[in-house]
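Comments concern the structure below.
The values are calculated or read from the model by the stated rules, or taken from the named source; none is laboratory data. Quick caveat: nothing in here was measured; it's all calculated off a predicted structure. We place every Cβ from the backbone using ideal geometry, glycine too, and count neighbours over all the protein chains shown. These accessible areas exclude ligands, DNA and RNA; they are computed on the full protein's heavy atoms, side chains included. Shrake-Rupley method; radii C 1.70, N 1.55, O 1.52, S 1.80 Å.
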Amino acid sequence: MSIGHTLLGLLESGPRHGYDLKRAFDERFGQDRPLHYGQVYSTMSRLLKNGLVEVDGIEPGGGPERKRYAITDAGITDVARWLATPEKPEPYLQSTLYTKVVLALLTRRDAAEILDSQRSEHLRLMRILTDRKRKGDLADQLICDHALFHLEADLRWLELTAARLDKLAQAVAK
């Protein structure tokens, strides 16, 4: 996820302080990985330097002065371009799991055990996500669905690979 673009998009509704941006980000997108304040302020400094935001006001506070940031026309254009650009699909062509299975076969270890262990871990995480989805709001449900669909695809790959282990063992032994 592009944190800079996300913060710019949050600024389109109106100027905000860094603290408010962090809180809005965490509420909408940071359930699993909240932003650190330093990350917000370093990103805002970069966006300011690049002309995508401007300081809309400075207020004295109990500590350092509080800057209120506003998005510029260039920032709005940048967000629009980012939103319109499709994300590159991640094909997982060289996954760690595949590497572990092949290395297990090459070293005469039990590749089926690796697949079984991974299947158990996927199912454990799927149960957690399903529970979270059941209890969550619409945003949480959609995030969980995305993760669950990826995990389901991984499970299909695990089953297919387990069914082909003998053939794979022959292929890697050559």
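Determine the distance separating the Cα centre of the stretch 52-121 from the Cα centre of the stretch 1-38; give it in Å without decimals. Cα centroid of the stretch 52-121 versus Cα centroid of the stretch 1-38: 15 Å apart.
Which of rounded, prolate or oblate describes the stretch 1-82 when judged by the alpha-carbon gyration tensor and an a/c cut-off of 1.5? List each step's numbers first, then the result.
On the way: a/c = 1.77, a/b = 1.08, b/c = 1.64.
Oblate is the answer for the stretch 1-82, as a/c is 1.5 or above yet b/c matches or exceeds a/b.
In whole percent, what relative contact order does the chain give with Cα contacts below 8 Å and a gap of six or more residues? Intermediate values should be presented prior to the final figure.
Working: 146 pairs, mean separation 30.1, N = 174.
In percent, rounded to a whole number, it is 17.
Could you give the angle, 0 to 90 degrees to the nearest 10, between helix 138-163's Cα long axis and the longest principal axis of the Cα atoms of the chain? Approximately 20 degrees, to the nearest ten.
Please sort by residue number the GluC sites (Glu not before Pro) in the stretch 67-174 whose DSSP state is loop and whose Cβ has at most 11 other Cβ atoms within 10 Å.
Working: sites: Glu87, Glu113, Glu121, Glu152, Glu159; in loops: Glu87.
Here the GluC sites (Glu not before Pro) that fit, given the DSSP loop and packing criteria, are Glu87.
Ligands, DNA and RNA aside, Ser120 has an accessible area near 70 Å² when probed at 1.4 Å.
Just one of [x] 10.3; [y] 15.9; [z] 14.3 is mean projected area of the Cα convex hull in nm² calculated from these coordinates, so which is it? Checked against the structure: label [z].
The residue list Ala162, Ser120, Ala84 was ranked by how far each Cα lies along the charge dipole of the chain toward its positive end, using unit charges on Cβ atoms, and Ala162 comes out on top.
If you run the Gaussian network model on the chain, springs between alpha carbon atoms under 10 Å, then out of Pro86, Pro34, Pro15 the most flexible one is Pro86. For the stretch 1-105, the list of chymotrypsin sites (Phe, Trp or Tyr not before Pro) that fall in a loop by DSSP and count at most 13 other C-beta atoms within 10 angstrom reads Tyr92. Can you give the angle from 0 to 90° between the axis of helix 96-106 and the longest principal axis of the chain, with both taken from C-alpha atoms, to the nearest 10? The two axes meet at around 20 degrees. Surface composition of the stretch 94-171: carbon and sulfur make up 56 percent of the accessible area, probe 1.4 Å.
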